[in-house]
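The values are calculated or read from the model by the stated rules, or taken from the named source; none is laboratory data. Treat the numbers as computed from the prediction; the structure is a model and nothing was measured. We place every Cβ from the backbone using ideal geometry, glycine too, and count neighbours over all the protein chains shown. Just so you know, the surface numbers come from the protein's heavy atoms only, side chains and all, with ligands and any DNA or RNA stripped out. Shrake-Rupley method; radii C 1.70, N 1.55, O 1.52, S 1.80 Å.
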Amino acid sequence: MTVHIAKVKVRPRKNLPPNVCAVELSNMLGCWAATGDMLSSNQCQAAAETLFQCMRTAPVRGKQPRSSINYHLARLGRNSK
Amino acid sequence: MRPVATFNASRCSLLSCPQRIPPSFVALRCALPVLARRANSSTTDERTVNQSVALLDSIMGSSSTLDLKTSSLSDILSPPTPPTQNSTPDPSQMLIPPASDPLLHFLASSLLNHGKRARADRVVSRTLLYIHALTRAPPLPILRHALITASPAVKCISQKRSGKNVVRPAALTEKQRIRAGIHAVLAASKNKSGKTVEERLAREIIAVVNGDSKAIADKELAHKQAMVNRGNALAK
């Protein structure tokens with residue numbers, strides 16, 4: 001006896017904003033952990049400036065396209081019935 | 001702010017204006033009065049700084065509530081260094097100053113309520129006047145320094161993955177940073193003494209420059225959380 005699901009649908013994964021300047025960010029966070037200079041006033045000022053410059057010049061990436069899994073599930077479910 | 005010729009207004013920087021505008025990227029720098037100036041801009045700023053320092057020295061111990069040593073005052077009031085460019089200035093490029101300081105416009109936009117732009121601009125002008133009255137120094141560099149000090153560099157995004165909340169630090173753009181800084185300063189200014197918004201805001205800005213403000217404490221807390229979760233920064 002086959003299981004019949006009238007409407008197969010999944011909750012699509014949340015599209016997070018793209019990870020720009022990830023390397024510079026991790027460098028700055030590592031500097032904070034190493035020195036404790038959370039406000040980037042002394043030792044980590046250079047790392048912070050590098051990150052800010054990267055964010056100023058990084059290409060603006062638009063919204064990520066939403067997943068179309070539900071469209072395909074509906075299409076294939078319609079055909080398999 | 002009206003768009004200035006030769007650059008994309010949406011990418012303009014709030015914190016700095018160059019002496020010349022190259023076509024490839026933009027950084028607006030507005031330190032003191034917004035004028036079309038070229039090589040002799042720094043001498044006017046230096047003269048103003050020296051006069052302010054001399055004034056402060058002569059009236060030391062008076063009603064000034066700003067606890068600044070001369071060295072830190074000169075650090076704050078020195079004009080920001082322009083971005084280093086190896087190429088010689090192109091004489092065909094004309095420096096057209098913007099209609100208003102982008103940072104002051106942004107601050108007024110944050111104070112805007114029910115579309116009353118003139119009122120918001122007035123509040124900003126009076127805030128600068130209060131800062132000058134309390135410090136006897138040029139107010140704009142103090143305001144700039146305070147907002148930069150209060151602005152967080154990162155934010156933490158919480159996401160539910162595999163049944164648990166994963167905190168991921170993400171970098172902020174310049175506009176996002178300044179907006180967060182302005183909101184922190186405005187929220188912290190509610191606890192200051194003063195009948196008007198401009199007076200409380202001015203006192204809060206001076207407190208930020210002095211180093212004792214709730215805005216700075218909140219920024220440090222947010223940075224600490226980002227540092228603790230730095231392992232998730234590179235995760236997809």
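Residues are listed down the side, and each one gets a yes or a no for (1) assigned to a loop (DSSP other than H, G, I, E, B); (2) open to solvent by less than 70 Å² (accessible area, probe 1.4 Å); (3) closer than 30 Å to A:Gln53 by Cβ:
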position: B:His114; (1), (2), (3): yes, no, no
position: B:Val123; (1), (2), (3): no, yes, no
position: B:Leu129; (1), (2), (3): no, no, no
position: B:Leu134; (1), (2), (3): no, yes, no
position: B:Pro141; (1), (2), (3): no, yes, yes
position: B:Ala170; (1), (2), (3): no, yes, yes
position: B:Arg179; (1), (2), (3): no, no, yes
position: B:Glu204; (1), (2), (3): no, yes, yes
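Yes/no matrix, rows are residues, columns are (1) in a helix (DSSP H, G or I); (2) open to solvent by 10 Å² or more (accessible area, probe 1.4 Å); (3) touching a helix residue (DSSP H, G or I) at 6+ places or on another chain (Cβ under 9 Å); (4) away from every other protein chain (no Cβ under 14 Å):
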| position | (1), (2), (3), (4) |
| --- | --- |
| B:Asn165 | no, yes, no, no |
| B:Lys175 | yes, yes, yes, no |
| B:Val185 | yes, no, yes, yes |
| B:Arg200 | yes, yes, yes, yes |
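Scanning region A:43-63 for residues that are of a type outside the set (A, V, I, L, M), open to solvent by less than 80 Å² (accessible area, probe 1.4 Å) and touching a residue at least 24 places away in the same chain (Cβ under 8 Å) yields A:Thr50, A:Cys54. On the given criteria, is A:Cys31 modelled with pLDDT of 90 or more, facing chain B (nearest Cβ under 10 Å), more than 18 Å from the chain's Cα centre (by Cα) and closer than 19 Å to B:Ala233 by Cα? Against the criterion (modelled with pLDDT of 90 or more, facing chain B (nearest Cβ under 10 Å), more than 18 Å from the chain's Cα centre (by Cα) and closer than 19 Å to B:Ala233 by Cα), A:Cys31 qualifies. Checked against (1) surrounded by 10 or more Cβ atoms within 10 Å (Cβ to Cβ); (2) assigned to a loop (DSSP other than H, G, I, E, B); (3) of a type in the set (Val, Ile, Thr), A:Val23 meets all criteria but (2). Whether any residue in region A:5-19 is open to solvent by less than 80 Å² (accessible area, probe 1.4 Å), hydrophobic (A, V, I, L, M, F, W, C) and either within 12 Å of chain B (Cβ to nearest Cβ) or touching a strand residue (DSSP E or B) at 6+ places or on another chain (Cβ under 6 Å) (or both) is what I want to check. Among the residues of region A:5-19, at least one is open to solvent by less than 80 Å² (accessible area, probe 1.4 Å), hydrophobic (A, V, I, L, M, F, W, C) and either within 12 Å of chain B (Cβ to nearest Cβ) or touching a strand residue (DSSP E or B) at 6+ places or on another chain (Cβ under 6 Å) (or both), which makes the answer yes.
Kindly establish whether B:Ala226 is over 29 Å from B:Asn113 (Cβ atoms), within 14 Å of another protein chain (Cβ to nearest Cβ), assigned to a helix (DSSP H, G or I) and open to solvent by less than 20 Å² (accessible area, probe 1.4 Å). The answer is yes for B:Ala226. Just one of the listed residues (A:Ser67, A:Ser40) is surrounded by 10 or more Cβ atoms within 10 Å (Cβ to Cβ) and at positive phi, namely A:Ser40. Do we have B:Gly181 as touching a residue at least 12 places away in the same chain (Cβ under 8 Å) and not polar (S, T, N, Q) here? Answer is yes for this residue. Filtering region A:34-80 to residues that are in a helix (DSSP H, G or I), more than 14 Å from every other protein chain (Cβ to nearest Cβ) and of a type outside the set (Phe, Trp, Tyr) leaves A:Ile69, A:Asn70, A:His72, A:Leu73, A:Ala74, A:Arg75, A:Leu76, A:Gly77, A:Arg78, A:Asn79, A:Ser80.
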